[in-house]
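First the structure, in the form of structure tokens, and then the observations on it.
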Amino acid sequence: MTAVVCPFVWHDLITTDTAAAKAFYAQVFGWSMQAFPGENEYTVVSAGSTGVGGIMPIPAQACAQGAPACWQGYIAVPDVDIWAARIQAKGGSILQAAQDIPNVGRFAVVADLHGAVFILFKSKDEGAMPDPSQRVSGTVGWNELHAGNGLAAFDWYSELFGWSQVRDMDMGQMGVYRLFSTGGPEAAGGMMTKMPEAPSPFWAYYFNVDALDAAIDRVQTAGGKVLNGPMEVPGPMFIANCQDPQGAWFSMVAPQR
């Protein structure tokens with residue numbers, strides 16, 4: 001296992017209609033938004049003073065590879081090039097080679113051993129990254145992998161990123177749901193073997209909200225869909241799986257209905 005622990009630090013949305021997506025998420029989560037200067041259309045989104053991530057058009061390379069509108073998670077690493085090479089050596093793949101974002105940092109788009117996509121990131125200013133342990137409304141509160149094989153995936157990520165097992169939950173025929181930590185005192189997410197109907201492995205991201213029913217109303221009023229929920233999960237917490245008007249999946253988690 002690596003001695004370095006690498007957490008999720010950023011999440012962004014690639015989409016077919018950035019203007020519509022910004023209007024939708026501003027209504028649902030109350031985010032503030034600021035255009036990022038540069039050649040690419042990138043909007044930084046924040047929950048109060050806490051950075052969440054960004055919204056941008058689907059990049060041309062991703063579009064050519066058939067990428068749909070989706071949310072992406074960024075894992076902070078000490079060296080993007082070294083970790084990308086390690087991922088490839090351990091059966092993963094590099095979808096977009098490492099490159100610099102001027103004055104921001106360096107990133108690479110990669111996939112794990114079963115094909116779930118995420119992003120490696122090294123910031124030029126470590127102090128500028130949000131604290132992933134915060135539970136601020138509108139920030140990501142849970143990172144969930146639907147893997148080709150949940151337990152094998154955990155071993156893979158643990159070796160690469162220093163993640164640790166918190167506990168396992170027996171879900172019967174659905175298998176084991178493993179909670180994992182990315183260095184903090186609490187679990188940062190969970191992993192499970194994906195359902196047979198899921199076409200491929202993927203990462204799912206849960207945004208914190210204060211109360212779930214009110215958030216669901218905002219999703220539906222703004223033109224989104226609720227695909228599953230509301231439902232209670234251990235904690236106790238309440239979750240709903242949703243889809244925005246451009247087709248990107250996202251989820252919400254709250255301490256109360």
Handout entry: Gly138 long-range amide H proximity, modeled H, under 5 Å
Key = Asn208, Val209
Handout entry: In Hz, Karplus ³J(HN,Hα) per residue of segment 4-17 (6.51, -1.76, 1.60; θ = phi - 60°; x = Gly, Pro)
Key = 8, 9, 10, x, 5, 10, 7, 9, 9, 10, 9, 8, 8, 8
Handout entry: Val52 long-range amide H proximity, modeled H, under 5 Å
Key = Val45, Ser46, Ala47
Practice task
Using Cα positions and a limit of under 25 Å, work out the lysines in reach of Lys90, with same-chain residues fewer than 8 apart set aside.
Solution key: Lys122, Lys194
Completion exercise
Of 159-172, 22-35, 74-87, ordering from highest average Cβ density within 10 Å down gives 74-87, 22-35, 159-172
Completion exercise
Percent antiparallel among DSSP beta bridges confined to segment 192-257, rounded to 5, stands at 80
Practice task
List every DSSP H helix in the chain whose Cα atoms extend 15 Å or more along the helix's own long axis and whose mean Kyte-Doolittle hydropathy is at least -1.0.
Solution key: 18-29, 150-161
Handout entry: Cβ-placed point charges (K, R +1; D, E -1), dipole of the chain about Cα centre in debye, nearest 20
Key = 100
Practice task
Among DSSP beta bridges whose residues both lie in segment 1-62, state the antiparallel percentage, nearest 5.
Solution key: 65
Practice task
Quick one: compute a quarter of the convex hull surface over the Cα atoms of segment 1-112 and quote it in nm².
Solution key: 8.0
Handout entry: Under-5 Å amide H pairs with Gly105, H placed in peptide plane, nonlocal only
Key = Lys124
Handout entry: Computed over segment 1-104: relative contact order in percent, which uses C-alpha pairs under 8 Å that are six or more apart
Key = 31
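Determine the dipole magnitude for segment 105-257: charges of +1 sit on the beta-carbon of Lys and Arg, -1 on that of Asp and Glu, nothing else is charged, the reference point is the Cα centre, and the result goes in debye to the nearest 20.
Working: 10 positive and 16 negative charges, 48 e Å.
With Lys and Arg at +1 and Asp and Glu at -1, about 220 debye.
No value in this document is a laboratory result; all are computed from the given coordinates. This one's a predicted model, so the numbers in the text were calculated from it and none came from an experiment. A quick note on method: Cβ atoms are made from the backbone with ideal geometry, for glycine too, and the neighbour counts reach across all protein chains shown.
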